[in-house]
Every structure is written in structure tokens, then in C-alpha cells.
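Have a look at this one before I ask anything.
The values are calculated or read from the model by the stated rules, or taken from the named source; none is laboratory data. On a predicted model such as this, the values are computed, not experimentally measured, just so you know. Cβ atoms come from the backbone with ideal geometry, glycine included; neighbour counts cover every protein chain shown.
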Amino acid sequence: MKQAAFLLLIVLAAVALVMHPTGAKAQSWLNGWAERIPVTISNSGDQLTNYQVEVELDRNFRFMIAKPDGSDVQVTGADGLTPIGFWIQDWDSVAMKATVYVKAPTLASGTNVVYLYYGNQAATNASSAAAVFDFYDGFEAPFANAGAAMANAPTPQITPTYDGSGQVVHPGIVYFPSGWNGFNYWLAVEPYPYSNAVLENPSILVSNDGATWQVPPGLTNPVAIHSGQPNLADGELLYDDTSNSLFLYYNQDYVAPGTLGFLKISDSTGVNWGPELTILAVPQDDILSQAVVKVGSGPAAYSMWYVDSYGGGCAGVKNPVKYRTSPDGINWSGPTTLPTFSIPGYSMWHPDVIYVPSKGEYWSVMAAYPSGQSCANTSLFFARSTDGINWTVYAQPVLTASSGWDNQLIYRSTLLYDPTTDRLQVWYSAEGTNGQWNLGYTERNYSALLASLTSTWTTTGTGSWTQSTNPVKRGSYSGQLLQGSGNDFLVVHAQPDGTNFYQELDMYDDMSGSSYEIVRAYNGTQSVGIGVNSACSSSSYCFHDISNHYYTASAGRFYTPDPGGLAAINL
């Protein structure tokens, strides 16, 4: 289907409804409501639980007492007090008709009663489709295709390097809203031209817009270099408010056993770096891509997260994320393994972490690769934590390799959050198939990103499945599917199994003359579907059975312009 707005409902059996006018107020009455009607539900079968019932209101209902939009409606169980889930599908007080779906917790065999309250001008809208149906999506929350939840940068940023290559890896960023020593953004990067680790030495760049980078006046890069050693790597930049200094953490790889972590401190200018302090001595590859955050003061003011590959390096199998704390950023506690900072089926690789005061949370973006592969196959993922120890890691990547300059892999990245615009900003290093390493920038509204990461829709094929404002049946948004190149583009939402179910789909027909746009219910082996199949009929809708035999439906295809320029059809 190329454009569609979906509404799916689940109902398992038929029931009879009888509405009675309000009599004298019973003893058990919901406080604040002036009126109610009992809805009698007759069940001729066995007892049912969590059952959806359709209630049709007409001129026998006193619409003039209720709010014009029905937002004061409340539904309770038989006791007249316990609220139960309900959803107002449509409400027209002028025409005096409405459709309300109710989710009855229990329907015994025989006669059952629920109460529909109205007439409370102080009531807030309690209608919720999600509280009624096994699955409902009105597409009012932002979402994105399964796959990358953030857009790849169309071009890389320009990053001057001391070797002249302009190729960098492993960014770490600090932002000063009012500037610090003349600049808003301070960035640590390392040249990595065509994966040449000999040149991978920590360097500092600055910017006032996060896009145009330069070397700070008076600074000569790199700020750390060790001749005779393979490389310095994994620079992490931190602002220390106690000393008004930038701290730079990085690793030194030895040919002999061991990797030493070093701390370099500026003299509050960002130009004169030093002295270099050895803060940890551990086996090689036991501390990779350390991320350091300072929050407040005290014995655990500084927190550090890093990957321990147990000497496996880029092809490590275990790769747990570990955690240490420090009172001063120099003397660190022993490591604690964080089991929740993981992704099933992936090996963790390079994380970065920030603390977001406005959310009271730690956020991380981390590179990870499928288990059994190597760090040459990384994508970028997102995680959150309230304490820095227990994490929620989203299995859907936020960024994957594209067909552009970053078409090989997405590597170590860094992030910032702007609470005034609810904007998550990500600077990411990536490799292209030409072997070049560059820095890209992407951003997204955080609420939209989180919604996309928790979306239960998945896609297969080439195309887009996104929130849309055109056309819309109810609410402000619909879901729009646009097929790209290739054959099939499938959009899937898993729903509970059942021998019988009721499915409603509100869709818009674009009247394409060569369409194959089918909505299916699929149990894993068999499916039934309805929609447009021009090979079956160019003028009517078609449906198919579990044997995939197509039949012409009685409904003819039609097009009636609406504000969105398309027409609605209920299937």
C-alpha cells in the first residue's frame, strides 16, 4: 500500500446491547457525574475476559447534557464505581449519534451491565483506544521505519588535522552555552587517515556553531603524541567545573602487555595541555573508549563507562560494559560489570555517555557489532539510565551505514541535548568504502526519536513508513507508506493470535492504475487480505482467501477529494 491510515481492532464474539434511561441515582454512583445509562450486554456463550463491545448512541441518548465532544464520558463496571477502558470512535452531538467501544474485564454467560456516565463539565477526556483494543495505532505519536531512527548526514563536516588528511575518528564534545575561552564547542578527535593508527593522536578543535571547525588559536595539534608506540586512541573530553578546566582522557597501546590510561589537564585556556598523568594500568584492550561524566561532588562525582574486550580487541566476543567511579577524576574505584548495558545478539564496542539534568538521566550512544563479527561492522545504538548502572538499551539502531560517504560502518560517536528545543545532537565518525574516515552530524527531536525506538512497526524492502499530516481521518496524523524501488515493501505489526478477530482499516486510495496494495492478516503460515490488486480488478477492491485466491469485492474503487486530496474507504 502506498498511502494508508490504519486502525486495527480486535473483537472475538458477538453480543447484544440494550441501553436504558437513567432512573433514580443508585447508592454506588461515580462522584461528580450528573447522569449515567446502564448498558446491558447479553452473552449467550461461555464467560469472556477483556472483551471489546461496540456501543451505538442515538437520539435516545441525552447529548445536550454531555459535553459537545463527549470528553466527559466515563465508563465503569457493574459496581458503578470502577472505571474500565473505553474509546470514543466518533461523537456527533448535532446529529445525535456516537460510537463508543468498551473493554469489559469479564462478561459472564447471561446478562451483564456496565455504566456509561456523562454530564460532568469538570471531567477530563478519559477515552483511550490503547486501553480497549489488543492493538491500535492512530499515528499521533511520531515513528520511523524500523532501521535507523536518525538521518545520515548527507556530507561530512570539514575537520582540519595536523597530518593534512582531514580524516578523523572517535569524537568527544563539550558545549558551553555562553562560550569558554572564546568558543562554544570544544571537540577532541584523532586523525585516522585510511586507518593509519600511527597518526591516531588526540587533537583539539573548536567551533561556535558545531559545524565549522578550527584549531584553537595558539594550539599546535596533536596535544599528545608518543613516538615509538603504535598509537594513542579513544580520546574523551570532559569539562571539570571545579577547576574550570578541560580533562582529556585517552589510551596508549603497547606492543608489550598493557594499556595505560592517561589524564591531561588544560591550564584553563584549552591551549596549554599537561602534565600527563598515568591513572590506570590494565591489560591491553581491557579499557576501550572510556566515557567520563562528572555530576556534583563527593566520592563518586566522576563516573566512567568503557568496554572490556578481555584482550579480544576489535573481534572481542564478551565485550561487557564496565563502570568505575572517582572523587577527583584521577583515582578510580575497581570495575563493576553492567549486565543491562548490552544488546542481545551484539558485541558492545565504543560508548559515549552524557548526563542530562533536565531529564535526570544518563544517555549514551554506542557502537556495537553483531556477535561473531568484528568492529568493522558497527552500527549506532541509544541507551538511557537514571543511575548510570541500570540501563535501558534500545535494540533498534539509531544510525546505520548509508549509501553515501558513510557507507561502510558507523563508529564511535558523541552527543549533546538541547532542552529548549528537545533536540538530540549526534556527531559520529564513520568509514566509507573508499577507506576514508570522517565526522558527520545528525539531529532529531528527542521525543520523536524515543517514539521511533519504541515503535512496534517493522518494515521489509525499500520505501518509507512515516507519520504524515496528509491525509487524515481523525486526530492530527496518519501513517503514510510510500514504496520505493524494487518489488515489495512490507509494513508489519505483530498482533495477538486468535481464532476470530475483527479488524478495521481506514485507508486512502490513491487510485493508481497499476497498484498492488494489500492489507493482510497473517498467522505465520497463512494469510487473508483485502485491498487493491489491479490484476484482479482495476475498478473494484479485491480480497484473497488463505489459498491466495483473489475475488472481486462488491465495493468499487472511488475517489472523492478531501482536504488531503484523497478519499477514505473503510475496509
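Which number in (1) within 33 Å of the chain's Cα centre (by Cα); (2) surrounded by fewer than 17 Cβ atoms within 10 Å (Cβ to Cβ); (3) under 30 Å from Asn407 (Cβ atoms); (4) of a type outside the set (Lys, Arg) marks the one condition that Ala130 misses?
The single condition Ala130 does not satisfy is (3).
Still on this structure, I have one more. Step by step: first the residues of segment 172-225, then only those that are assigned to a loop (DSSP other than H, G, I, E, B) and among the hydroxyl-bearing types (Ser, Thr, Tyr), then the one that is modelled with the highest pLDDT. Which residue is that?
Applying the filter and picking the extreme gives Thr212.
For (1) in a strand (DSSP E or B); (2) within 27 Å of Val53 (Cβ to Cβ), each residue gets a yes or a no:
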{"position": "Asn112", "(1), (2)": "yes, yes"}
{"position": "Asn125", "(1), (2)": "no, yes"}
{"position": "Ala130", "(1), (2)": "no, yes"}
{"position": "Ala153", "(1), (2)": "no, no"}
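Identify the residue in segment 452-475 that is hydrophobic (A, V, I, L, M, F, W, C) and not in a helix (DSSP H, G or I) and, among all such residues, is surrounded by the most Cβ atoms within 10 Å (Cβ to Cβ).
So the residue we want is Trp465.
Just one of the numbered conditions (1) over 30 Å from Ser374 (Cβ atoms); (2) of a type outside the set (D, E, K, R); (3) over 19 Å from the mean Cα position of the chain (by Cα) is not true of Gln467; which one?
Every listed condition holds for Gln467 apart from (3).
Is it true that some residue in segment 35-49 is surrounded by fewer than 19 Cβ atoms within 10 Å (Cβ to Cβ), touching a strand residue (DSSP E or B) at 6+ places or on another chain (Cβ under 7 Å), free of Cβ contacts under 8 Å to residues at least 60 places away in the same chain and farther than 15 Å from Val132 by Cα?
no
If you go through segment 320-339 one residue at a time, do you hit one that is touching a residue at least 12 places away in the same chain (Cβ under 8 Å), assigned by TED's automatic domain parsing to the domain that holds Gln396, among the polar types (S, T, N, Q) and closer than 21 Å to Pro397 by Cβ?
No.
Working only within segment 473-518, note down all residues that are at pLDDT below 80, under 26 Å from the mean Cα position of the chain (by Cα) and among the small types (Gly, Ala, Ser).
The answer is Gly484, Ser485, Ala494.
Is it true that Ser178 is free of Cβ contacts under 8 Å to residues at least 24 places away in the same chain, in the same structural domain as Leu409 (by TED's automatic domain parsing), among the small types (Gly, Ala, Ser) and surrounded by fewer than 18 Cβ atoms within 10 Å (Cβ to Cβ)?
Yes, satisfied.
Might you let me know whether segment 303-321 holds any residue that is surrounded by fewer than 18 Cβ atoms within 10 Å (Cβ to Cβ), modelled with pLDDT of 95 or more and in a strand (DSSP E or B)?
no
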